[in-house]
Amino acid sequence: MRSRSREFDSSTLNESVQNTIMRDLKAVGKKFMHVLYPRKSNTLLRDWDLWGPLILCVTLALMLQRGSVDSEKDGGPQFAEVFVIVWFGAVTITLNSKLLGGNISFFQSLCVLGYCILPLTVAMLICRLVLLAEPGPINFMVRLFVVIVMFAWSIVASTAFLADSQPPNRKALAVYPVFLFYFVISWMILTFTPQ
Amino acid sequence: MAAADDLAFHEFEEATNLLAETPDAATTSRSDQLTSLGHVAVAAGTGSSYGAEDEVESDKTALLQAEKPQPGFWTFSYYQSFFDVDTSQVLDRIKGALLPRPGHNFVRHHLRNRPDLYGPFWICATLAFVLAVTGNLTLVLAQRRDPSIHYSPQFHKVTMAGITIYCYAWLVPLVLWGFLRWRQGVQERVDPYSFLETVCVYGYSLFIFIPMVVLWLIPVPWLQWLFGALALALSTAGLVLTLWPVIREDTRLVAVALLSTVVLLHALLAMGCKISLLSSISSSRCLWSRWHLQPK
């Protein structure tokens, strides 16, 4: 009697590449929907994957990097700096949450934190479009409003998933680093100036 | 009658003997005789109103700590023991560092032999990012007043601020702890603080710098100096009051030298924060002129 997993394996080995890619893309897309409409659900936690965070991080870092022609010391972050901040920030927050006694696994936490960058990536896209118009205080106000709304959205989405994993007398201790993390990313988005 | 008097006197003597042995104890003894010394209650402490509770709690924690064996430093639970704090405890420690009181030793009263690493680590991280953000904002506000200044995000400030603050908050307590250990070897005295307790003291004392840096956005120079002096005074008062009981019995020269070094280093950190905010304006000004006034 063959086990179910072996049946499953042979069926995914024989399928076409398009099927495999579409299945993964659908999983990523489903998680994006969960982030955009945050409800208390376990989907992000149960089937974690790191494709979504990687796509989001690379997109954000590509859009945030400064050009190479201007002075090196005085610009915005480079691609590597954004990448390092996002991934090391997520790892630090996960370690902090585990050390405080949370019952969430390492990669589940990385998955949630990475996916909840989606609103801020959308904010970056909108900011870049807005910056194509002429600069001025209205331009800045629009960008500020968009970034604040998306920042709040990110925080709400991540706490909806992460809050239950901590004992109630330490929730604030676990949520504050998440707040700091998204604040820093929002700050990088808001201060982005094209050359 | 004589027997009752003897009994009452004996009880009182026993209480004073016990008190002489453990000067920090709180004793209550009540004689059910008809004498006028019906109720003898002695509560001696460090002058705090809840000395009795302190004693009971520290007894309990000492007992609990004696029961479980310390895990090895390669296990995860070893490091988990340093994050064994609640939100209310962290807030209470921050309050204790913000408002130092001469009777309350921060280590004995707030830490109570349970130092944590959460406070020092995240306070340093917050301070580094707040410095970078405030530097940026100072530049924006300066540009509003003086349009010749060119705005740029200056991201390298985050890295530099972070490295400086973390080095200060971890290396200086290491040196201080080593020095105190060495002096303890030279002169027998009260047990010094452990390394983690020193790191805690320094980490929590840096908290006052966060609102100080934010308030430095107000572009009035004398107000900035006032805030800086106030924050520095509060922070170093906390440090000095915590260190004083440990080096009180040392020679006058060593005590004064140590305290003045601690104060000086703290003042240098505050000056460093101020300079990093000022330099953002001057560096962007000279860079702008260099890039845009050169003949192409």
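Each residue in region A:157-179 was checked for being surrounded by fewer than 18 Cβ atoms within 10 Å (Cβ to Cβ) and among the hydrophobic types (A, V, I, L, M, F, W, C), and 3 of them qualify.
Could you look through region B:55-106, keep only residues that are assigned to a loop (DSSP other than H, G, I, E, B) and either polar (S, T, N, Q) or modelled with pLDDT under 55 (or both), and pick out the one that is nearest to B:Y202 (Cα to Cα)? Checked region B:55-106; the qualifying residue nearest to B:Y202 (Cα to Cα) is B:N105. Reported count of residues in region A:87-105, each being at pLDDT 90 or above and away from chain B (no Cβ under 11 Å), is 5.
Tallying residues that are more than 12 Å from chain A (Cβ to nearest Cβ), among the small types (G, A, S) and more than 22 Å from A:N169 (Cβ to Cβ) within region B:85-133 yields 1.
For B:L230, the conditions (1) at pLDDT 90 or above; (2) within 24 Å of B:C167 (Cβ to Cβ) are fulfilled apart from (2). Checked against (1) assigned to a helix (DSSP H, G or I); (2) more than 28 Å from B:A142 (Cβ to Cβ); (3) modelled with pLDDT under 85, B:L277 passes all but condition (2).
Counting only residues that are modelled with pLDDT under 85, closer than 15 Å to A:S154 by Cβ, of a type outside the set (A, V, I, L, M) and in a helix (DSSP H, G or I), region A:16-58 holds 1 of them.
The values are calculated or read from the model by the stated rules, or taken from the named source; none is laboratory data. Just so it is clear, the model here is predicted, and its values are computed rather than measured. Here the Cβ is made from the backbone with ideal geometry for all residues, glycine too, and neighbour counts use every protein chain on show.
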